[in-house]
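Only one structure is covered here, and it is reproduced in the block below.
FYI, it's all coordinate maths here, none of it is from the lab. This one's a predicted model, so the numbers in the text were calculated from it and none came from an experiment. Virtual Cβ from ideal backbone geometry, glycine too; neighbours counted across all protein chains shown.
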Amino acid sequence: YFHFCDDSVTMCVGTASSSKKSSKETDAIDELFNQYANTHSHVIDPEGIENLCSSLKVSHTDVRILMLAWKMKAERQGYFTLVEWRRALREFKVDTISKLKKALRALKEEVRTPSNFADFYAYAFRYCLTEEKQKNIDIETICQLLDMVLGSTFRAQVDYFVDYLKIQNDYKVINMDQWMGFYRFCSEISFPDMSNYDVELAWPLILDNFYEWMREKQA
Amino acid sequence: MIRDILMYMDRTYVTTTRKTHVHELGLNLWRDNIVHSSKIQTRLLNTLLDLVHKERTGEVIDRLLMRNVIKMFMDLGESVCQVDFEKPFLEASAEFYKVKSQEFIESCDCGEYLKKAEKPLNEEVERVAHYLDAKSEEKITSVVEREMITNHMQRLVHMENSGLVNMLLNDRYEDLARMYSLFRRVTNGLVTVRDVMTLHLREMGKQLVTDPEKSKDPVEFVQRLLGERDKYDKIIVTSFYNDKTFQNASNSSFEYFINLNTRSPEFISLFVDDKLRKGMKGVIEDDVEVIFDKVMMLFRYLQGKDVFEKYYKQHLAKRLLSGKTVSHDAERNLIVKLKTECGYQFTSNSKPILPCNLPAEVSVLCEKFRSYYLGTHTGRRLSWQTNMGTADIKAVFGKAQRHELNVSNFQMCVLMLFNNSDRLSYKEIEQATEIPSSDLKRCLQSMAFVKGKNVFKKVPMSKDIGEEDSFVVNEKFTGKFYKVKIGTVVAQKETEPEKQETRHRVEEDRKPQIEAAIVRIMKARRVLDHNNIIAEVTKQLQSRFLANPTEIKKRIESLIERDFLERNSTDRKLYRYLA
């Protein structure tokens, strides 16, 4: 398993050149990692993540786990590598579960800043591309993802858009362009009147169709 | 005369003391004491106006006297002339013609009114020539125009049973010409006429093309269109002096309503097909040219030129393969005309056509031929047009009735099946041959229900073919001659499913063309905003078809997904070309 090789190289280099304090820190972080990691593959797998969630007392579908993955820059959904684990926990400066729990609360605020949020939002999409060369995500997953990621800030838009996605037939999957387009829609277009929306501009077609559908409903 | 007497004084004293010269002084005195005298001024004016009025109502007046009086005014100076005569004259004239025109409009229809309106214009010009100041001509003419034409323009044009529409419908060239030349004089006169004509033309055209009755016979349909085109052409040339703006209005109206019926491209192709199949025999070369020129006119109006192309090729292929074209020269001429309009794209490859399971014996031969052909010609594509072509089959009916049947490929496939079975259901035949159902049905009908060609019997005997209906060979088949040619019941218009299929193919063909246009444009411009892309793409493709902005947007999104383009990260209204 290739990841493991990389990790072991980094680990060696890390411990060799770091100071006593940070190596102690690293040790604590690594130890915490090992509590949840799979003993054979040396990564935290889905089961490990479940355990982690129980420890943290959050549901594994909670958006905070996704935010944690974002902080880690985790590449593969359902798995945290040691490098990724260290990346996040070093930034948080935490090495215990209770400290991590606190950090997660602060993380929620951090993600919400406009510059971070766009990045997080895009990350959320990529995170769901589980197959190699996959570029699109099925409608059902998208609906769940939208709810998780935008539900608290743009409740109305998400509710209506999810309804629309479920009944329309034009698209069976959503791509990154459409995904990002929806976020732009939420940030820029007044809702539900949508008076500043213009179908002749470069909005993705699916949003044009959504707009028409909303108009018909409102009429 | 007075000046002559006082000449010396006039030259010396008056000049040095800067007093008014005698002549001028005399005129001023005349003006102030006579013309403007309270006892004379009004009376003079009224008398003059009264005389003009009398003349207008048909009486004869002393024109010489009038002339002299007016000349007197003119001598007294421009402003006197205007204030004391011209202005009141124009006002009185306006009043007079207002009344007159009201009279006319209530009692005449449009054509009569126009005739009546022409007269005063001529009369007034004559009046000016005889006794008025030449400068007044323009002014009095515009008064008459205003009262007689402008004020009643709308009412005239829209008059029931006699207005513009009625004139157009009944080819009243003289009335139309009169309307044109009268309305031309006034502001917005021609605009009014043109707008009403356009509206009428569009409405009439719309009814014509959307009437289901009229769409039943494609040839009739196109003939009607050509007829209307000829009619309006004649009207514009004869009555409207071939006015370019009217030509344009007519063209845009035709373009508008011809494209309201999505089958227009198909029908026009069928019309051409009809002309080239029969009825041209005995028709002179020139007439053919004329008909095709007219067809080209209609072709130019089409928005879906690529749709026309598809049908044209289908029909052309059928004509050539069945040897039914009457004149190869005529075919060539038309193709040249079409090519000139559309450029090279018109004669590029067409796609292969319909599937069909050939009997084993035939497919073996096909394969042999294919390897031979591709072996001798490299770089060519061989596609079997299985729905065309014929076969000669030797058949034995009953004990000894032998015939040679000349049949289409499809018919051959069906017939060969019966070498192995006595009786087959429609469903079985369809599965075995994989011939599309509408073609298969026609094929079976032509062999079961046509007198003298009924090599099959159908059970049950009804003409409609159900899935479970079966066919058996007609052992009792007889024919006078050994060779029997079995044609196929040819449906001229496409059936609904065929139509859908053609539409679908056209849509599919358009997608790569749109994408190619987008890529071409973006490659050149590198960065471009949405509206401009739509505009440019539409422009590039307009000689082929009218591109739909939604479709263009779809293609752009597809190109974004395939990493040909991306949205500009700072301004998401812009697209960027990805090399």
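Defining a contact as two alpha carbons under 8 Å apart and six or more residues distant in sequence, what relative contact order in percent does chain A show?
Relative contact order here is 15 percent.
Against the longest alpha carbon principal axis of chain B, how many degrees, from 0 to 90 and to the nearest 10, is the axis of helix B:530-541 turned?
70 degrees
Could you pull out the longest piece of chain B with no exposed loop GluC sites (Glu not before Pro) in it, calling a site exposed if DSSP puts it outside H, G, I, E, B and it has at most 16 other Cβ atoms within 10 Å?
B:214-433
If you fit an axis through the alpha-carbon atoms of helix B:360-376 and take the longest principal axis of the Cα set of chain B, what angle between them do you get, 0 to 90°, nearest 10?
60 degrees
How long are the three semi-axes of the equivalent ellipsoid for the stretch B:516-579, computed from the Cα gyration tensor as the root of 5 times each eigenvalue, in whole Å, largest first?
With the √(5λ) rule applied to the stretch B:516-579, the semi-axes are 19, 11, 11 Å.
Placing unit charges on C-beta atoms (Lys and Arg positive, Asp and Glu negative, everything else neutral), compute the dipole magnitude of the protein assembly as shown about its Cα centre in debye, rounded to 20.
1740 debye
Could you work out how far the C-alpha centroid of the stretch B:22-97 sits from that of the stretch B:496-554, in angstrom?
The two parts, judged by their Cα centres, are 73 Å apart.
Can you give me the C-alpha center-to-center distance between the stretch B:438-481 and the stretch B:194-208, rounded to a whole angstrom?
Comparing the Cα centres of the stretch B:438-481 and the stretch B:194-208, I get a distance of 49 Å.
Could you work out the percent of alpha carbon pairs in the stretch B:2-168 separated by over 23 Å, rounded to a whole number?
53 percent
Angle between the Cα long axis of helix B:264-277 and the longest principal axis of chain B, 0 to 90 degrees, nearest 10?
Around 70 degrees separate the two axes.
Against the globular-protein guess of 2.2 N^0.38 Å, express the Cα radius of gyration of chain B as a ratio, rounded to two decimals.
1.63
Is the shape of the protein assembly as shown rounded, prolate or oblate, going by the alpha carbon gyration tensor and its root eigenvalues a ≥ b ≥ c, with a/c under 1.5 for rounded and a/b larger than b/c for prolate?
Since a/c reaches 1.5 but b/c is at least a/b, the shape of the protein assembly as shown is classed as oblate.
Before anything else, pin down the relative contact order of chain B: Cα pairs under 8 Å, at least 6 apart, normalised by residue count, whole percent.
RCO, chain B: 7 percent.
Under the rule a/c < 1.5 gives rounded, and otherwise a/b versus b/c splits prolate from oblate, where does the stretch A:16-112 land using the Cα gyration tensor?
Cα axes put the stretch A:16-112 in the oblate bin.
Listed here are the pairs B:K313/B:K554; A:K135/B:K554; B:K305/B:K339; B:K427/B:K457; B:K324/B:K480; which of them are more than 19 Å apart at the Cα?
Correct reply: B:K313/B:K554; B:K324/B:K480.
Averaged over B:131-137, how many beta carbons belonging to a partner chain fall within 10 Å of each residue's beta carbon?
Per residue, the number of nearby Cβ atoms from other chains is 0 on average.
Binning at 10 angstrom from zero up to the longest distance, how are the C-alpha pair distances of the stretch B:178-347 distributed in percent?
That works out to 9, 35, 32, 17, 6, 1, 0, in percent per bin.
Could you work out the helix-only [θ] at 222 nm for chain B, with each DSSP H run of four or more residues adding -39,500 (n - 2.57) and the total divided by the number of residues, to the nearest 500 deg cm²/dmol?
Taking each H run of at least 4 residues, the total per residue is -19500 deg cm²/dmol.
Summarise the partner chain shielding of B:550-556 as one whole number: the mean count of Cβ atoms from other chains within 10 Å of each residue's Cβ.
For peptide B:550-556, the averaged partner shielding equals 3.
Please list, by residue number, every one of the trypsin sites (Lys or Arg not before Pro) in the stretch A:53-130 that is coil in DSSP and has at most 15 other beta-carbon atoms within 10 Å.
Here the trypsin sites (Lys or Arg not before Pro) that fit, given the DSSP loop and packing criteria, are A:K57, A:K73, A:R76, A:K93.
Going through the stretch B:44-151, which trypsin sites (Lys or Arg not before Pro) have at most 14 other Cβ atoms within 10 Å and a DSSP loop state?
B:K135
Divide by every residue of chain A the summed helix terms, -39500 (n - 2.57) for each DSSP H run of at least 4, and state the resulting mean residue ellipticity at 222 nm, rounded to the nearest 500 deg cm²/dmol.
-21500 deg cm²/dmol
Towards the positive end of the charge dipole of the protein assembly as shown, with charges on Cβ (+1 Lys, Arg; -1 Asp, Glu), say which of B:L541, A:L146, B:T198 has the farthest Cα.
Of the listed residues, the answer is B:L541.
Nearest 20 debye, what's the magnitude of the dipole of chain A about its Cα centre given +1 on Lys and Arg Cβ and -1 on Asp and Glu Cβ?
Dipole magnitude for chain A comes out near 1040 debye.
Note down the magnitude of the dipole of the stretch A:115-218 about its Cα centre, charges +1 on Lys and Arg C-beta and -1 on Asp and Glu C-beta and zero elsewhere, to the nearest 20 debye.
About 200 debye.
Please enumerate, by chain and number, the lysines with C-alpha under 23 Å from the C-alpha of B:K116, excluding those fewer than 8 residues away in the same chain.
Candidates past the 8-residue exclusion: B:K54, B:K98, B:K100, B:K139.
Specify which residue in the list B:C108, B:L225, B:L48 is farthest towards the positive end of the charge dipole of chain B, using unit charges on the beta carbon of Lys, Arg (+1) and Asp, Glu (-1), about the Cα centre.
Projecting each Cα onto the dipole axis, the largest value belongs to B:L225.
At a Cα cut-off below 19 Å, give the aspartates and glutamates reachable from B:K394, other chains included and same-chain residues fewer than 8 away excluded.
Cα-Cα hits under 19 Å: B:E361, B:E404, B:D422, B:E475.
Which chymotrypsin sites (Phe, Trp or Tyr not before Pro) from the stretch B:412-493 combine a DSSP loop assignment with at most 12 other Cβ atoms within 10 Å?
B:F481, B:Y482
Give the residue from B:L6, A:N169, B:I140 lying farthest towards the positive end of the charge dipole for the protein assembly as shown; charges sit on Cβ (+1 for Lys and Arg, -1 for Asp and Glu) and the dipole is referred to the Cα centre.
The listed residue farthest towards the positive side: A:N169.
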